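Below you'll find the structure, written out as structure tokens, and then a few comments.
The values are calculated or read from the model by the stated rules, or taken from the named source; none is laboratory data. Predicted, not measured: the structure shown is a model, and the values here were computed from it. Because the Cβ atoms are built from the backbone with ideal geometry, glycine has one as well, and the counts that use them run over all protein chains shown.
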Amino acid sequence: MAAILGVARRMAVARFIASGGGAGLAPRAPGTFGSLVGLVLGAILLHFGHGPLLVVTLLASGAGVWAVQQVGGADDAGWIVIDEIAGQMIALLALPFVSLPGLVLAFALFRLFDITKLGPVGMLDRRHDAWGVMGDDWVAGVFAFICAAVILFFFPLARA
């Protein structure tokens, strides 16, 4: 009986992580809700510096791979949004500080690459395993990071 309860607890934790604390249960556009969770959490962390944001991004990524494996989410069910949370936080690493224009830029670029699945994003999306579920959003986040960094190089944000 204890073994069954242990498995049930592990599955509940895995579902909580995979769903981004429940954000993935949104009735419409769960991926966008997951990205918004990543945006808000990432903005709070970025306020304290890039270090905390990077650490939590790595933790979310590792926990995400584990959770997706546990829930059997190889086909990237809509309710699984930990991948969007991690990918969105990668995009935020390009920002020098928290600002509304910077957050909008990072969010828009990440969603663009996540939805269009260009190049390696689409290749990873077709893997149908936990690494593919997480990996396509990591790469979308890296693409958004690169684009945001280039844009911000030429058009720097002003501190409010």
Looking at the stretch 21-61 only, could you name the residues that are polar (S, T, N, Q) and within 16 Å of Met134 (Cβ to Cβ)? Ser35, Thr57, Ser61
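Looking at this structure, is Gly64 at pLDDT 95 or above, of a type outside the set (Lys, Arg) and at positive phi?
Answer is no for this residue.
Okay, residues lined up against (1) closer than 20 Å to Ala26 by Cβ; (2) within 13 Å of the chain's Cα centre (by Cα):
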site	(1), (2)
Ile82	yes, yes
Leu93	no, yes
Val98	no, no
Arg111	yes, yes
Gly119	no, no
Ala158	no, no
Just give me the residues in the stretch 56-74 being of a type in the set (Val, Ile, Thr), crowded, with 21+ Cβ neighbours inside 10 Å and more than 12 Å from the chain's Cα centre (by Cα), in sequence order. Val68
Residues that are crowded, with 23+ Cβ neighbours inside 10 Å and of a type outside the set (A, V, I, L, M, F, W, C), at least 1 per element: which helices (runs of 4 or more DSSP H) completely within the stretch 75-157 meet that? 82-92, 100-116, 130-154
Between residues in the stretch 27-44 that are surrounded by 20 or more Cβ atoms within 10 Å (Cβ to Cβ) and residues that are at pLDDT 95 or above and of a type in the set (Ser, Thr, Tyr), which pairs lie under 8 Å by C-beta distance while being six or more apart or on different chains? Gly42/Thr57
Residue list for the stretch 45-55, filter: in contact (Cβ under 8 Å) with a residue 12 or more places away in the chain, surrounded by fewer than 18 Cβ atoms within 10 Å (Cβ to Cβ) and either under 23 Å from Val139 (Cβ atoms) or β-branched (Val, Ile, Thr) (or both): His50, Leu54
Near pairs, Cβ below 9 angstrom, 6+ apart or cross-chain, from the stretch 142-153 (at pLDDT 95 or above) to any residue that is surrounded by fewer than 17 Cβ atoms within 10 Å (Cβ to Cβ): Phe143/Leu112; Phe143/Leu118; Phe143/Gly119; Phe143/Pro120; Ala144/Ala108; Ala144/Leu112; Cys147/Leu112; Leu152/Pro96
Long-range neighbours under 7 Å by Cβ, at least six apart or interchain, first residue of a type in the set (Gly, Ala, Ser) within the stretch 66-79, second at pLDDT below 90: Ala74/His128
Take Ile17 and tell me if it is surrounded by 18 or more Cβ atoms within 10 Å (Cβ to Cβ), over 20 Å from Thr116 (Cα atoms) and either of a type outside the set (Val, Ile, Thr) or touching a Gly at 6+ places or on another chain (Cβ under 8 Å) (or both). yes
